Each structure stands twice: as structure tokens, then as C-alpha cells.
């Protein structure tokens with residue numbers, strides 16, 4: 001399966017193509033679409049759509065994995081990010097690709113084991129897992145690779161590993177000191193005077 005991973009953005013959009021075959025993973029492409037130099041927002045959105053279609057038509061991926069917008073304090077930024085995600089999804093739909101959306105914390109949890117990991121920690125872990133030599137100039141590219149990797153993990157083991165990584169371990173209940181002392185006395189009557 002060839003997975004197109006996208007980390008949506010209106011200034012820098014990360015993308016990657018991850019080829020998976022019998023558990024083996026190969027990075028086909030990993031880069032960014034640099035949009036900061038396009039002053040008009042609507043033209044940026046158009047570029048995202050056109051570039052996503054071009055990637056799909058060039059590489060013929062089987063699936064699109066995309067990061068969901070996160071909730072931030074700046075509502076305008078969230079709306080713009082949602083539009084970037086929407087046009088990338090629309091581009092994939094125009095080519096009949098199946099689509100999966102992942103929360104940022106889920107991606108970080110799958111890649112690093114920590115749902116609050118930094119972009120640098122995600123990139124470092126991916127470099128270790130997928131054995132590529134250096135980080136790209138923009139970490140948005142490795143974020144896109146993380147989305148594709150998360151998708152691969154879900155499809156390769158949808159109920160086992162992914163569920164165990166997403167489900168937090170049940171916290172251990174500690175007995176009160178009084179209960180622990182009572183257990184000790186009951187188990188060691190000869191030591192108590």
C-alpha cells in the first residue's frame with residue numbers, strides 16, 4: 001500500500017509518500033509545499049488543491065492519511081488550517097482515494113509513545129524507525145511522514161498494537177498505609193510484638 005501523508009498548513013504543508021509491503025516501509029517522497037511567498041490566501045488554497053492532485057496523479061497512492069486540525073487559541077488560524085485540510089481532502093476525493101484523519105496527539109502517541117511529543121522528538125523517532133539519514137529543512141515533512149506511519153500501523157494491526165498504544169494504562173491503585181500495615185501484621189504475626 002502506498003500512503004500519502006499530509007500535514008496541512010497554509011504557510012507550509014508537509015507531505016510524504018510511504019510505501020508499505022509485507023511490513024517493510026520505504027519512503028518514496030518527503031517534502032513540503034512552501035506557500036509563504038503567496039500573498040493571497042485563496043491562491044494558497046488553490047495551490048494546495050492543485051499540488052495534492054498532482055501528487056496523486058504522479059504517484060498513484062492508495063490512501064490519504066491527514067492530520068486533523070488541533071484546537072488552538074487563535075480561531076482565525078484554526079479556520080485557515082481547516083480550509084487547508086479540506087481542500088487536500090477534496091483533492092483526494094476527486095481522485096477517489098480513501099481517507100483517514102488522525103488527531104495530532106494520536107500520531108505522536110503512535111510514533112513516540114508520548115502524545116505530547118515535540119516535532120523534533122517525532123522526527124528523531126521516525127529517523128530511527130525508518131532509517132533515513134537527516135531531517136528535512138522543515139519538520140512539517142516529517143510530521144506528514146508521521147501521519148502516513150500512523151496510518152500504516154492502523155492498517156497493519158487495526159485492533160492490536162494501535163489500540164494498546166492509544167488506550168492509557170489503568171492507573172495502579174495504591175493501598176492506604178493503614179491497609180498495608182494491616183496486611184503486614186496479618187502475614188507476619190511472629191514479627192509483631
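Scanning the stretch 14-24 for residues that are more than 21 Å from residue 133 (Cα to Cα), surrounded by 12 or more Cβ atoms within 10 Å (Cβ to Cβ) and touching a strand residue (DSSP E or B) at 6+ places or on another chain (Cβ under 9 Å) turns up nothing.
Restricting attention to the stretch 114-128, the residues that are surrounded by 15 or more Cβ atoms within 10 Å (Cβ to Cβ) and over 17 Å from residue 16 (Cα atoms) add up to 3. Taken as a whole, the stretch 43-57 holds no residue that is under 25 Å from residue 130 (Cα atoms), part of a strand (DSSP E or B) and touching a helix residue (DSSP H, G or I) at 6+ places or on another chain (Cβ under 6 Å). Summed over the stretch 12-24, residues that are in contact (Cβ under 8 Å) with a residue 40 or more places away in the chain, part of a strand (DSSP E or B) and over 16 Å from the mean Cα position of the chain (by Cα) total 2.
For the structure I just gave you, tell me whether residue 36 is exposed (fewer than 14 other Cβ atoms within 10 Å of the Cβ) and at pLDDT below 95. When the stated conditions are applied, residue 36 passes them. Taking the residues in the stretch 61-95 that are touching a strand residue (DSSP E or B) at 6+ places or on another chain (Cβ under 9 Å) and in a helix (DSSP H, G or I) as candidates, determine which candidate is surrounded by the fewest Cβ atoms within 10 Å (Cβ to Cβ). That would be 93.
Hey, any hits in the stretch 161-181 for a residue that's under 23 Å from residue 19 (Cα atoms), at pLDDT 85 or above, loosely packed, with under 12 Cβ neighbours inside 10 Å and under 18 Å from the mean Cα position of the chain (by Cα)? So far as the stretch 161-181 goes, no, none of its residues is under 23 Å from residue 19 (Cα atoms), at pLDDT 85 or above, loosely packed, with under 12 Cβ neighbours inside 10 Å and under 18 Å from the mean Cα position of the chain (by Cα).
Against the definition (buried (at least 23 other Cβ atoms within 10 Å of the Cβ), outside any loop (DSSP other than H, G, I, E, B), more than 11 Å from the chain's Cα centre (by Cα) and in contact (Cβ under 8 Å) with a residue 12 or more places away in the chain), how does residue 146 come out, yes or no? No; evaluated as a whole, the condition is false for this residue. For residue 7, are the conditions met, namely being within 14 Å of residue 144 (Cβ to Cβ) and either crowded, with 19+ Cβ neighbours inside 10 Å or modelled with pLDDT of 95 or more (or both)? In short, yes.
Checking each residue in the stretch 96-126 for being assigned to a loop (DSSP other than H, G, I, E, B) and in contact (Cβ under 8 Å) with a residue 24 or more places away in the chain picks out 97, 103, 113. Identify, by number, the condition in (1) in a helix (DSSP H, G or I); (2) farther than 17 Å from residue 3 by Cβ; (3) in contact with a strand residue (DSSP E or B) (Cβ under 7 Å, 6 or more places away or on another chain) that residue 152 doesn't meet. For residue 152, the exception is condition (2). Restricting to the stretch 87-112, count the residues that are farther than 13 Å from residue 5 by Cβ and in contact with a helix residue (DSSP H, G or I) (Cβ under 7 Å, 6 or more places away or on another chain). Final tally of qualifying residues: 9.
The values are calculated or read from the model by the stated rules, or taken from the named source; none is laboratory data. Keep in mind the model is a prediction, meaning the values are calculated, not measured. Quick reminder, even Gly has a Cβ in these numbers, built from the backbone with ideal geometry, and neighbours come from all protein chains shown.
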